[in-house]
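See below for the structure under consideration.
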Amino acid sequence: MSHAHDPLRPDRHEPNLSTPAGDGSFTVQPFRGAPLVVTVAQLRALPRLVVARHQIVSTGHGASGPFSFSGAALRDVADAWAGTLPDAYSVAVLGADGFGTRVLAAELGQSPPAGPILLAYAQDEQLLTRAQGLLRLIVPSEKDEALRQVKWVAAIRIEAGS
Ligand SMILES: Nc1nc2c(c(=O)[nH]1)N[C@H]1C(S)=C(S)[C@@H](COP(=O)(O)O)O[C@H]1N2
Ligand SMILES: [Mo]
């Protein structure tokens, strides 16, 4: 299937160099029902997982890292706050600047090295600053242009279908 016209599957993107405002809180939009706001403190209460030796391959300024990212599994976030999930679904993850990606349900269960997909709040054991992307989606399997390493995560939306 082609994703050529899907704005959450860009082929390329120049990274946004200006940091959008926010404290890392994000909205979870369940498939049905009202959205809720989750804080970084609530996220940190979920099991902490680590993705080690992950490199950010930037279009604009070369690769950085490898870093060790830690955070909560996107799957645990969905289980905790997204309510009843449809049989087939994907999770749209959007940054405060509108950049984003879509994670398929099947990807949520991936083990290393392809997974786990994290909502990371720390890099090399230091809490991420807002400028660094607090919070940042880490998709370990994506190694090309950081197109799925979404910074400034502000909203997560459950969408039916795959
Ligand atoms: N919210 C958001 N996340 C983003 C981007 C962006 O523009 N907005 N750019 C992506 C791209 S294309 C790159 S190369 C990396 C840059 O990450 P870095 O600042 O850690 O090098 O962020 C990715 N995540
Ligand atoms: Mo990039």
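Return a yes/no flag: does region 53-70 have any residue that is touching a helix residue (DSSP H, G or I) at 6+ places or on another chain (Cβ under 8 Å) and within 15 Å of ligand 1 (Cβ to nearest atom). Reasoning before the result, please.
To start, the set of residues in region 53-70 that are touching a helix residue (DSSP H, G or I) at 6+ places or on another chain (Cβ under 8 Å) comprises none.
No, region 53-70 has no match at all.
Please list, ordered by residue number, the strands (runs of 3 or more DSSP E) wholly in region 102-162 having 2 or more residues that are away from ligand 2 (no atom under 16 Å from the Cβ). Quick ask: steps written out before the conclusion?
Values: elements: 118-123, 136-138, 153-160.
In region 102-162, 118-123, 153-160 are the strands (runs of 3 or more DSSP E) which contain 2 or more residues that are away from ligand 2 (no atom under 16 Å from the Cβ).
Exactly one condition in (1) over 22 Å from residue 154 (Cβ atoms); (2) surrounded by 14 or more Cβ atoms within 10 Å (Cβ to Cβ); (3) in contact (Cβ under 8 Å) with a residue 40 or more places away in the chain is not met by residue 85; state its number.
Residue 85 satisfies every listed condition except (1).
Determine whether residue 80 is assigned to a helix (DSSP H, G or I), out of contact with any helix residue (DSSP H, G or I) (no Cβ under 6 Å at 6 or more places or on another chain) and within 19 Å of residue 30 (Cβ to Cβ).
On the way: assigned to a helix (DSSP H, G or I): yes; out of contact with any helix residue (DSSP H, G or I) (no Cβ under 6 Å at 6 or more places or on another chain): yes; within 19 Å of residue 30 (Cβ to Cβ): yes.
So residue 80 passes the test.
Output the number of residues of region 132-159 satisfying the condition of being among the small types (Gly, Ala, Ser) and within 9 Å of ligand 1 (Cβ to nearest atom).
3
Restricting attention to region 1-57, report how many residues are part of a loop (DSSP other than H, G, I, E, B) and within 16 Å of ligand 2 (Cβ to nearest atom). Give the derivation first.
Quick first cut of region 1-57, residues part of a loop (DSSP other than H, G, I, E, B) only: 1-25, 30-35, 39, 45-48.
Next cut, within 16 Å of ligand 2 (Cβ to nearest atom) only: 7-18.
Here the count works out to 12.
Restricting to region 58-79, what's the tally of residues that are crowded, with 16+ Cβ neighbours inside 10 Å and away from ligand 2 (no atom under 16 Å from the Cβ)? Break it down into steps so the answer makes sense when it comes.
Let us first name the residues in region 58-79 that are crowded, with 16+ Cβ neighbours inside 10 Å, namely 67, 69-78.
Cutting the leftovers down to away from ligand 2 (no atom under 16 Å from the Cβ) gives us 69-78.
Qualifying residue count, region 58-79: 10.
Scan region 28-42 and tell me whether some residue there is β-branched (Val, Ile, Thr), in contact with an Asp or Glu (Cβ under 6 Å, 6 or more places away or on another chain) and over 27 Å from residue 162 (Cβ atoms). Walk me through it before giving the result.
Taking region 28-42 first, the residues β-branched (Val, Ile, Thr) are 28, 37-40.
Remaining after also requiring in contact with an Asp or Glu (Cβ under 6 Å, 6 or more places away or on another chain): none.
Scanning region 28-42 turns up no residue that is β-branched (Val, Ile, Thr), in contact with an Asp or Glu (Cβ under 6 Å, 6 or more places away or on another chain) and over 27 Å from residue 162 (Cβ atoms).
Which residues, counting only those in region 18-39, are within 16 Å of ligand 1 (Cβ to nearest atom) and under 18 Å from the mean Cα position of the chain (by Cα)?
If we filter region 18-39 for residues that are within 16 Å of ligand 1 (Cβ to nearest atom), which is where we start, we get 18-27.
Passing the criteria: 19, 20, 21, 22, 23, 24, 25, 26, 27.
No lab work stands behind these numbers, since they all come straight from the coordinates. Note that the coordinates shown come from a computational prediction; the quantities given were computed from them, not determined experimentally. Note that each Cβ is placed from the backbone with ideal geometry, even for glycine, and that neighbours are counted across all protein chains shown.
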